[in-house]
Structure formats: structure tokens, C-alpha cells
């Protein structure tokens, strides 16, 4: 069949199924743990799920395997086509922000697969979280295909197909505790090695308590922050991280003050200031990195935060390090 009359033979779609195997789930686990972060992808192109025909719907997704598998699992028992874009192993939302899940790539895949010769309709269903990267009117002008944005979650697709439209509830972006907790392993694995190195260095210079303070500050940003995100005061991620980091630093500041009994009052206060200045910037910076995993902010919002807070975080950390160096000098000189 060649409804467009292009004279070109349609590209044969690769077949896939709606069965998720143990190998698939193992791949998902490694992806969640941040192992080989760009290696969890499939080939871009056109896939046939079950037994589609020329009238079957076309769904568009990223070539990140958890995204692709979530889609085919949600479409279990449905005959359809899946058009996979080259996003270099990045999920739909993040790839849309980076521009790889975008207008140019979508038009390019429509053309490279001769999609107009595969289906008789001109309708594409894209995930709502990909809307930031795709200009629907431009896709229509350049390819003749109409873009429809489906629900936020793939699990709502069967109901979306039955109703022919997305309900307000399907449009609602949710980022609950379970969603945030699911991202903790990825966040944690990125900071474990730097944390161990930093804690070891601090241990050699300042002892066990100082090393534990570094570990607490880092884990607060990578583990506790995602859990407490909605309940932390202020709006920006960086300032939320500062609040959490300060809460983590206070017990160490109190311990430093109490453990220096017998020393001059100024020196006790001096020791207490070290964790106050040094720890919150660590927590806050890691919290700022979490913006890349959440739908709570935008690309412009992240840039604004970086320009607003990064210099202050650097100054605070520098002051904390300078205070620590001064402490070691005082301790060595016996003042």
C-alpha cells in the first residue's frame, strides 16, 4: 500500500511485543541505579506492536528502554505502531528539555521510516511531557502529520484511546513520594564515590565526626531531599537544600561547641561555625541537581537558580574551608 503515492517502499517496522521479560526488568534496575546511564536504549525507528495495520494508531516515545517498555506495557493487547526517536538513552521529559525529543528529530523519523506510506491516517500521539520540545504546528507543516499530546502517564493510554481525549486528571502532572523515591538510587550512585573520597580526606584531617558530617550533608541532598521536597520551606530547590543542609549542620555545630569545653568561648564559637558554613552548600548543590529529575521546575527556572545561588554557595563553602584550615592551624600551633 502506498497512500501517499511517493513511489518509495515503506521501511519494514521492527516487531516488538507487550511482554516485559526478566532481562528487561534487569535493564530497568540498572538504569535506576545509574549504571551505564546512556546504555539503556534501543534503536530509533518504527516498531510494530502486536499486529497493527494501516489504520492503527502511532505512538511516539524516546529510545530510553524504561520509557519504551512502559509504553508497550501500557498498550498490552493493542495493535499499534511505535515511532521511537533518537534521544541517546534519555527519557522523554529530559530529552524534550535538551531538544533531542524535538520537532526536527520527529520530522526526520517520519521521513526516514516512510511513515506516510505505512499508515493511512495522519495522526501521532505523543506523551504530554514531550510537549516542551515539539512544535505541533511545525510538525504538521513539514510532515503533514497532526500531533496530539496524550496523557502524562502511559498507564492512562487505554482509557485515552477509548475516550478519544485526555481528561483533566490525565493531564495532571504528579510527582508523589513513590515517584521521588524511585529516583533516589540514581541520585545516590552519582555522589557515592565523591562522598567517600571527600569523607576519607576529611577523616585524615579532622577525625571521624568531621567525616560523618560530610556524609550526612551529601546524603541529605541525595536521599532525604527528594523525600521531603514538597514540605521544605521556600520555593527554589537551592534554598530548600540550604534549609535542609542547615538542619543537618546544626547538630554538628552544637557538638563542636560542646566538645570544646575548656577552650576560650571565641574558639568554641569558631569551631561551631565550620559546619554551618561548609555543610549547607554541599546539600544545596546536590538538591539543585535534582531539578533534572523532577517536573516541579523548568529549564529557565534552573538557569535562574544557578545564576542566583551558585556564587553564594561557592563563597559559603570557601569560608567553611578557610575556617577549617584556620582550626587545624590553631590546633597544631597549640593556641
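For the reader, a short list of remarks on this structure follows.
- Flag if residue 240 is surrounded by 16 or more Cβ atoms within 10 Å (Cβ to Cβ) and at pLDDT 90 or above: yes
- Just one of the listed residues (192, 227) is surrounded by 12 or more Cβ atoms within 10 Å (Cβ to Cβ) and either more than 12 Å from residue 290 (Cβ to Cβ) or modelled with pLDDT under 90 (or both), namely 192.
- Residue-level check: of (1) without any contact (Cβ under 8 Å) to a residue 12 or more places away in the chain; (2) farther than 28 Å from residue 326 by Cβ; (3) in a helix (DSSP H, G or I), residue 200 misses just (2).
- Residue in segment 114-123 that is in contact with a helix residue (DSSP H, G or I) (Cβ under 8 Å, 6 or more places away or on another chain), under 14 Å from residue 60 (Cα atoms) and not in a helix (DSSP H, G or I) present: yes
For every residue, the table says whether it meets (1) within 27 Å of residue 182 (Cβ to Cβ); (2) surrounded by 21 or more Cβ atoms within 10 Å (Cβ to Cβ).
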position: 18; (1), (2): yes, no
position: 26; (1), (2): yes, no
position: 35; (1), (2): yes, no
position: 54; (1), (2): no, no
position: 69; (1), (2): yes, yes
position: 83; (1), (2): yes, yes
position: 105; (1), (2): yes, no
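- Yes/no for residue 9 being modelled with pLDDT of 90 or more, outside any helix (DSSP H, G or I) and not assigned by TED's automatic domain parsing to the domain that holds residue 223: no
- Lone unmet requirement of (1) closer than 26 Å to residue 107 by Cβ; (2) modelled with pLDDT of 90 or more; (3) surrounded by 13 or more Cβ atoms within 10 Å (Cβ to Cβ) for residue 171: (2)
- For segment 205-259, filtering for residues that are assigned to a loop (DSSP other than H, G, I, E, B) and without any contact (Cβ under 8 Å) to a residue 40 or more places away in the chain leaves 5.
- For the criterion of being surrounded by fewer than 18 Cβ atoms within 10 Å (Cβ to Cβ), assigned by TED's automatic domain parsing to the domain that holds residue 207, at pLDDT 90 or above and within 30 Å of residue 172 (Cα to Cα), residue 310 fails.
- Qualifying residue in segment 71-79 (condition: within 15 Å of the chain's Cα centre (by Cα) and either over 19 Å from residue 186 (Cα atoms) or crowded, with 19+ Cβ neighbours inside 10 Å (or both)): no
- Residue 193 over 15 Å from residue 276 (Cα atoms), part of a helix (DSSP H, G or I), under 19 Å from the mean Cα position of the chain (by Cα) and outside the structural domain of residue 127 (by TED's automatic domain parsing): no
- Looking across 120, 112, one residue alone is surrounded by fewer than 19 Cβ atoms within 10 Å (Cβ to Cβ), touching a strand residue (DSSP E or B) at 6+ places or on another chain (Cβ under 9 Å) and either under 25 Å from residue 55 (Cα atoms) or not assigned by TED's automatic domain parsing to the domain that holds residue 165 (or both). It is 112.
The values are calculated or read from the model by the stated rules, or taken from the named source; none is laboratory data. Keep in mind that what you see is a predicted model, and the values were worked out from it rather than measured. Cβ sites come from the backbone with ideal geometry, for glycine too, and all protein chains shown count toward neighbours.
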